[in-house]
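The values are calculated or read from the model by the stated rules, or taken from the named source; none is laboratory data. Keep in mind that what you see is a predicted model, and the values were worked out from it rather than measured. When we count neighbours, we look across all protein chains shown, and the Cβ atoms used for this are built from the backbone with ideal geometry, even at glycine.
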Amino acid sequence: MKKIGILTGGGDCPGLNAVIRAVVKKSRRYNWDVIGIKNGWKGLINGEMELLSDYSVSGILPKGGTIIGTSRTNPFNNEGDVQKVIDNIKKFGIAALVVVGGDDTLGVAKNLYEKGIPTVGIPKTIDNDLSGTDYTFGFDTAVSIATEAIDRLHTTAESHHRVIVVEVMGRHAGWIATMAGIAGGADEILIPEVPFDIEEVCKNLRKRYSRGKKFSIVAVAEGAQPKEETSEKHNNEGDGANNTNEGQLVTQTDETDAFGHVRLGGIGHYLTKELEKRMDVETRVTILGHVQRGGTPTAHDRILATRFGVAAVELIKNENFGKMVALQGNKIVPIELEEAVSKSKTVDMDLYDIAKIFFG
């Protein structure tokens, strides 16, 4: 009998429960116990655990969120917390850890592996920005939700002859904005990878008006940044948003989380004010926020999450630690955790060039 632990860290996303279910079911084949670590790394610091049985995971496949909870906790902010993690792994007899998360959570897993803790990683982020994997689960669901929102906003924008700005998630990479923008027929897509010129955006939208199109949809990722001269003008005028040391990001507050990230939000409001002022057209903003994270995962995300969970248990069986399971083509393959967290996977510019065909 072997005990393995599983934790989910960072932001929740659709498909986490499918992973947990797959890890439990596959582990049963080897007669292993699975310990659910509550609330991410915080649970391993505080010793908050529960045994996950077949009953625990019954019926959770279609449910959003995570039955074991999550948090943005970084044990490496405090040396004492790192020791608590190591002590609790020994105390509860955990032979290996399955760590489900994005670059921050998996970065902790990598650091623990380097300290001798057997860990394997599963990529989880709706932003789809982890290196080494073609897709992460949760992304397909987020794109579907954002696309539906854009579809619905088309009708209200057309009825009122408005410009509607749709702000979606995407701190470092604009995958959601790009994919949902293409699928939903957005008239402008702004992403972190390409700083935008507000006057260029207005020019494209004016072209639509000159052709008789009296409404527009602008999809913008929360991490999109105006070009320097635009943002400087914005800061001088002031509208309650904050500027941070992460470039010219528009943020809600200067406070940072356990991994040093500021809370984004406000680029949609900034754009709305600028477009209305420069174009003299009624403009509204819709911020999708955590709606993108919640609810039932798509079939694609359920299947991908299940495949990842099964593959992670196989890595433990083969004692292939320090790895993350990744989707490459149609195969699930192991890659080094170091590779996964070394840099963000940004939007393919060939894809963005396709999107630009429909601007203006």
Output the number of residues of region 7-42 satisfying the condition of being touching a Ser or Thr at 6+ places or on another chain (Cβ under 6 Å) and of a type outside the set (S, T, N, Q). 11
Against the condition outside any strand (DSSP E or B), touching a residue at least 60 places away in the same chain (Cβ under 8 Å), surrounded by fewer than 19 Cβ atoms within 10 Å (Cβ to Cβ) and not small (Gly, Ala, Ser), how does LYS213 come out, does it pass? no
Give me a count of the residues in region 327-343 that are within 18 Å of the chain's Cα centre (by Cα) and surrounded by 18 or more Cβ atoms within 10 Å (Cβ to Cβ). 4
Would you mind stating whether ALA157 is in contact with a strand residue (DSSP E or B) (Cβ under 9 Å, 6 or more places away or on another chain) and hydrophobic (A, V, I, L, M, F, W, C)? yes
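This table checks each residue for (1) over 30 Å from VAL99 (Cα atoms); (2) hydrophobic (A, V, I, L, M, F, W, C); (3) in the same structural domain as TYR209 (by TED's automatic domain parsing).
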position: THR133; (1), (2), (3): no, no, no
position: ILE145; (1), (2), (3): no, yes, yes
position: ASP151; (1), (2), (3): yes, no, yes
position: THR155; (1), (2), (3): yes, no, yes
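Can you tell me which residue within region 283-300, out of those that are part of a loop (DSSP other than H, G, I, E, B) and not β-branched (Val, Ile, Thr), is farthest from LYS26 (Cα to Cα)?
Of the residues in region 283-300, the ones part of a loop (DSSP other than H, G, I, E, B) are 288, 293-298.
Checking which are not β-branched (Val, Ile, Thr) leaves us with 288, 293-295, 297.
Details: LEU288: 36, ARG293: 26, GLY294: 26, GLY295: 25, PRO297: 21 Å.
Looking at the filtered set, the residue picked out is LEU288.
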Region 183-230, subset touching a helix residue (DSSP H, G or I) at 6+ places or on another chain (Cβ under 9 Å) and of a type in the set (Ser, Thr, Tyr), residue modelled with the lowest pLDDT: THR230
Go through (1) within 29 Å of GLU148 (Cβ to Cβ); (2) assigned by TED's automatic domain parsing to the domain that holds ASP103 for LYS317 and report which single condition fails. (1)
Among the candidates ARG152, ARG206, residue that is farther than 29 Å from GLY295 by Cβ, of a type in the set (Lys, Arg) and in a helix (DSSP H, G or I): ARG206
Take the residues in region 168-196 that are closer than 12 Å to ALA224 by Cα and touching a Ser or Thr at 6+ places or on another chain (Cβ under 7 Å), then tell me which one is surrounded by the most Cβ atoms within 10 Å (Cβ to Cβ). ILE189
Only one of (1) without any contact (Cβ under 8 Å) to a residue 24 or more places away in the chain; (2) closer than 30 Å to MET179 by Cβ is not met by GLU48, so which one is it? (2)
List, please: which pairs have Cβ atoms under 6 Å, are six or more places apart or on different chains, and start with a residue in region 78-97 that is at negative phi and end with one that is of a type in the set (D, E, K, R) and modelled with pLDDT of 95 or more? ILE94/LYS3; ALA95/LYS3
The residue that is surrounded by the most Cβ atoms within 10 Å (Cβ to Cβ), considering only those in region 130-156 that are of a type in the set (Asp, Glu) and farther than 26 Å from LYS317 by Cα, is ASP140
Matching residues, region 301-360, being of a type in the set (Lys, Arg), in a helix (DSSP H, G or I) and at pLDDT 95 or above: ARG302, ARG307, LYS317
Are any of the residues in region 50-73 farther than 28 Å from ASP140 by Cβ and under 26 Å from the mean Cα position of the chain (by Cα)? no
Among the residues of region 15-26, is any of a type outside the set (Gly, Ala, Ser), touching a residue at least 24 places away in the same chain (Cβ under 8 Å), assigned by TED's automatic domain parsing to the domain that holds ASP129 and surrounded by fewer than 23 Cβ atoms within 10 Å (Cβ to Cβ)? yes
Please go through region 174-203 and pick out each residue that is part of a strand (DSSP E or B) and without any contact (Cβ under 8 Å) to a residue 40 or more places away in the chain. PHE196
Residue pairs qualifying under the 7 Å Cβ cut-off, at least six apart or on distinct chains, with the first in region 131-147 being touching a residue at least 12 places away in the same chain (Cβ under 8 Å) and the second being polar (S, T, N, Q) and part of a helix (DSSP H, G or I), are ALA142/GLN292; ILE145/GLN292; ALA146/GLN292
